[in-house]
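Please read the structure below before turning to the comments.
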Amino acid sequence: MVPLEWYIGLSAVIFIIGVAGFMIRKNIIIMLMSIELMLNAVNISLVAFSHYLQDLRGQVMVFFIITVAAAEAAIGLAILVSLFKNKAAVHTDEIIEMKG
Amino acid sequence: MLPKLFFGYFAIVMIALSLAVITRRNPVHSVLWMLVLFFHIAGLYLFLNAEFLAAVQIILYAGAILVLFLFVIMMFNLKEELTAERFIGEWPIGVALGISILMLMFFSMSKITTGPPGQYTIEAIKAETHTKAIGKVLYTEYLFPFEIASLILLIAIVGAIVLAKKRG
C-alpha cells in the first residue's frame, strides 16, 4: 500500500512546477497550460484523499474542477485570440497598455 | 513492493513531464508533453480505483482541452517564438519563490490527520460499479452545484463567442 503522503507530495511538486511555470514564462499560452497543470495537481490529491478516506465526495469535486478547467481554458483562449487579433503579441512583456 | 514501484515510476515520469511542459521552447512540444502527462494522470486515477475519472481525464483533457490549445497555437507566429527569450529576466526569483512554497507544503504535510473513513469501501463500490456510485452522489447530494456547473459552462460558451467574434 502506497502511503497517502506520497500522493500529496507528488501533487505538491506538480502544483509548484505549475506555479513556477506561470511566474517565469513569457508566453501566455504556456502560462495557461501551467494553470491546467496546477488544477491537475489538485485533482490528484483529491482523488488520493477520496481513495484513502473511502468517500466519493472527493471524486465529485474533481468532476467539478474539470468542468471549471474546461470553461477557464475556453475563455482564456478566446481572450488570447482577441488579444492576438488586436496586437499580434503573445509575450507578456509586449502587453504594456496598462503600464503594469 | 510492486505498488510502490508502480507509484515511483508514475511520480518520476510525471514530474519530468511537467518540467518539460514549462521549459520547452516550442509550445507545440509543450502541448504534446502535456498529452503524455495527462495519460499518466489517468493511469494514476486507475491505480486509485477511479476509473470513471480516468476516462473523463482522457476524453475531456486530452481530447478536448489540449486540442483547443493546439488550435490556438496554430494561429500565432511560431518562427518568432523559436528565437525569442523563453523566460522573464527575473526567473530565479520565481523559482526561489516556488521552492520556498514547496518547502512550506512539505513541512506542513507531516501534520496531516485524516478524518474518519466514509462508507464507500472498495467492496461497496465494486458491488454497485464506480460510475453508478459516483452518479448517485453527484445527482443527489451535489445536485445544486451540478446545476451551477452547467451555468458556468453556458457562460463559457457565450463568453468565448463574444470575445472571439469580429467587432462591428
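The numbers here are math on the coordinates, done by the rules we state, and not lab data. Keep in mind the model is a prediction, meaning the values are calculated, not measured. No Cβ is skipped: glycine too gets one built from the backbone with ideal geometry, and neighbour counts run over all protein chains shown.
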> Hey, got the Cα dimensions of the stretch B:1-83 along the principal axes, in Å, largest first?
Replying inline: 49, 24, 10
>> I'd like to know how chain A sits against the 2.2 N^0.38 Å rule of thumb: what's its Cα Rg over that expected value?
In response: 1.33
>> Checking the cross-link filter: which aspartates and glutamates have an alpha carbon closer than 16 Å to that of B:K126, excluding same-chain neighbours under 8 positions apart?
In response: A:D55, B:E51
> Which lysines have a Cα less than 16 Å from the Cα of A:K99, not counting those fewer than 8 places away in the same chain?
Replying inline: A:K87
>> Based only on other Cβ atoms within 10 Å, what is the fewest-to-most ordering of A:M98, B:M75?
In response: A:M98, B:M75
>> Ignoring everything except DSSP H segments at least 4 long, calculate the 222 nm mean residue ellipticity for the protein assembly as shown; use -39,500 (n - 2.57) per segment, divide by total residues, nearest 500.
In response: -25000 deg cm²/dmol
>> If you fit an axis through the alpha-carbon atoms of helix A:4-24 and take the longest principal axis of the Cα set of chain A, what angle between them do you get, 0 to 90°, nearest 10?
In response: 0 degrees
> In what sequence, highest mean first, do A:63-72, B:122-131 appear when ranked by Cβ atoms within 10 angstrom?
Replying inline: A:63-72, B:122-131
>> Only Cα pairs within less than 10 Å get springs; with that Gaussian network setup on chain B, which residue of B:F38, B:F144, B:F47 has the largest fluctuation?
In response: B:F144
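For a 32 Å ceiling on Cα separation, which of these pairs sit above it: A:K26/B:K111; B:K79/B:K165; B:K79/B:K166?
A:K26/B:K111
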> Roughly what angle does helix A:28-52 make with the longest principal axis of chain A, taking Cα atoms, 0 to 90 degrees, to the nearest 10?
Replying inline: 10 degrees
>> On alpha carbon coordinates alone, what is the Rg over Rh value for the protein assembly as shown, Rh being the Kirkwood radius?
In response: 0.99
>> Can you tell me the orientation of helix A:57-87 relative to chain A, as the angle in degrees between its alpha-carbon axis and the longest Cα principal axis, to the nearest 10?
In response: 10 degrees
> Which one of A:I30, A:I79, A:I16 has the biggest mean-square fluctuation once chain A is modelled by GNM with Cα springs under 10 Å?
Replying inline: A:I79
> Among B:W33, A:W6, which comes first, then next, by fewest other beta-carbon atoms within 10 Å?
Replying inline: A:W6, B:W33
> For the stretch B:35-141, rounded, prolate or oblate, judged on the Cα gyration tensor with a ≥ b ≥ c (square roots of eigenvalues), a/c < 1.5 rounded, else prolate if a/b > b/c?
Replying inline: oblate
> Hey, could you pull the Cα Rg and Dmax for the stretch B:118-168, both in Å?
Replying inline: 18.1, 60
